[in-house]
């Protein structure tokens, strides 16, 4: 006899059967720009004619909807839920259900929320699903590895030694788990900054330093308007990285 | 209705168990629906029949029995056990949000004694397979 079996994991593979690749934007550190990179990466993929989805897995602090200017409200449902179509991408966030309310979630609740989203969301055919990962190396990082073992990680750091310290631990975990890592992106790089810490960090793990994104003062005012986000210097620097990721 | 996706998950998991256990056919799948998610038994039974595989499959004749499991919540700071009816009523969009993702209940209700949102959903969360029975294998 089987007792108390959670049925949701059994359909995750089927739900993602039309998704050619899953790209997790990870860091293990908050404040390095994961959400900006993930959201803009999705926008640039759509710009390049790719069918791209974006899943915000920062379950307790989602912000991708702010970057995209997406409406908050329940997604439509038929044979599951349909991610919202916005700015040329398919987008799903816990914010669609939560609005502006705050949900404090412990580990088991995080896992349940992630499983529920993966079990009921119908992504359809996508060239890539971009996942915006939360800060830290907690439940979501472990659950993504468990339930999406083929997901590749794009790791974001800033030149700050504090960021590099946390990102090093993230890379160490991904390495131990054997998770595919596409490379490291250096964010918030000042023009006068000639530090090489992020490049050295990538090299220490045998990874490529895919490029540097500028500290762009125009990005803040562009938030909420996808065409303005795509027009920033930040997006311009990310564009060749997006081309490489989606084309690889 | 997104319940179809959850019904699919139940049948998919039952099929996996049947294959793993070498069952020729599944005779019974007992499903518990946590009252927190507010899925009615007739709705879920309808969804199961909509997605049930056809004749010849191991699940074609399975008796899918569905029952509602009451909600039990336990406050971590003060230890109070309470049900959903003892907390703030969930209505409108809040009920709909919890219907989609039961964990979002943490955003909308609190312990009736100490007002903490740090509570555990002890039981009655969502869709769970209580048991699977079949014939022809080494027992599932």
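Read-outs: derived from the displayed coordinates by stated rules, not from any lab. It should be emphasised that the depicted structure is a prediction, and the values quoted were computed from it without experimental measurement. Because the Cβ atoms are built from the backbone with ideal geometry, glycine has one as well, and the counts that use them run over all protein chains shown.
Annotations
- Whole-Å distance, taken between Cα centres, linking the range A:132-166 and the range B:53-99: 32 Å
- Mean-position separation - Cα centroids, the range A:171-213 and the range A:26-99, in angstrom: 24 Å
- Judged by the ratio a/c of the largest to the smallest principal axis of the C-alpha gyration tensor, the range A:62-131 counts as oblate, that ratio being 1.5 or greater while a/b is no larger than b/c.
- When the Gaussian network model of chain A links Cα atoms closer than 10 Å, the mean-square fluctuations of A:91, A:74, A:234 top out at A:74.
- For the range A:1-58: rounded, prolate or oblate by the Cα gyration tensor [a/c cutoff 1.5]: oblate
- Taking all Cα pairs closer than 8 Å and separated by 6 or more residues, the relative contact order of chain B comes to 38 percent.
- Candidates A:128, A:27, A:203, ranked by Gaussian network fluctuation over chain A, Cα under 10 Å, top entry: A:203
- FRET E, pair residue A:204, residue B:116, Förster distance 51 Å, beta-carbon r, rounded to 0.05: 0.70
- Where labels lie 7 Å past Cα in the beta-carbon direction, separation of residue B:80 and residue A:100 in nm: 2.8 nm
- Protection proxy ranking of A:144-157, A:28-41 - average other beta-carbon atoms within 10 Å, highest first: A:28-41, A:144-157
- Using a cutoff of 8 angstrom between alpha carbon atoms and counting only pairs six or more residues apart, the relative contact order for the range B:71-122 works out to 48 percent.
- The mean number of partner chain beta-carbon atoms within 10 angstrom of a residue's beta-carbon across peptide B:28-38 is 1.
- Comparing A:82, A:56, A:64 in a Gaussian network model of chain A (Cα springs below 10 Å), the most mobile by mean-square fluctuation is A:82.
- Three-way shape label, the range B:71-122, alpha-carbon gyration tensor, a/c 1.5: prolate
- Chain A, relative contact order [Cα under 8 Å, separation at least 6], %: 26 percent
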